[in-house]
1. Are there helices (runs of 4 or more DSSP H) fully within region 16-83 with at least 3 residues that are among the hydrophobic types (A, V, I, L, M, F, W, C)? List them.
2. Taking the condition within 12 Å of ARG77 (Cα to Cα) and either modelled with pLDDT under 95 or surrounded by 10 or more Cβ atoms within 10 Å (Cβ to Cβ) (or both), does LEU23 pass?
3. Evaluate the following for ILE5: is it in a strand (DSSP E or B) and surrounded by 14 or more Cβ atoms within 10 Å (Cβ to Cβ)?
4. Tell me whether region 64-81 contains one or more residues that are among the aliphatic types (A, V, I, L, M) and loosely packed, with under 14 Cβ neighbours inside 10 Å.
Amino acid sequence: YAQVIDDSKSITLASASSGDKGLTAEISKAKSKIDKSKIVGKYLGKELISKKIEKLIFDRNGYRFHGRVKALADSIRETGIII
């Protein structure tokens, strides 16, 4: 899962998860966890674009920037969001 939060207002602007109802068909076809992360990232990126959010700061929360975390960030970037 991933969330986009406005820290100044303490509200969640957008979120996406591999358990979301709109993604279950596509997630079930994914071969690996990295593929699932890419699908979640693309979905989140599209949601951000629809809310006219163009830039964000990526907080890894202590996780190393590789594997699933990197796949998520890269797929958000592919939608045109600046990280």
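The values are calculated or read from the model by the stated rules, or taken from the named source; none is laboratory data. Predicted model, so just to flag it, every value in this text is computed and none were measured. Here the Cβ is made from the backbone with ideal geometry for all residues, glycine too, and neighbour counts use every protein chain on show.
1. Details: elements: 24-29, 33-50, 67-78.
Per the criteria, 33-50, 67-78.
2. On the way: within 12 Å of ARG77 (Cα to Cα): no; either modelled with pLDDT under 95 or surrounded by 10 or more Cβ atoms within 10 Å (Cβ to Cβ) (or both): yes.
No; evaluated as a whole, the condition is false for this residue.
3. For ILE5, the condition - in a strand (DSSP E or B) and surrounded by 14 or more Cβ atoms within 10 Å (Cβ to Cβ) - is met.
4. No: region 64-81 contains no residue that is among the aliphatic types (A, V, I, L, M) and loosely packed, with under 14 Cβ neighbours inside 10 Å.
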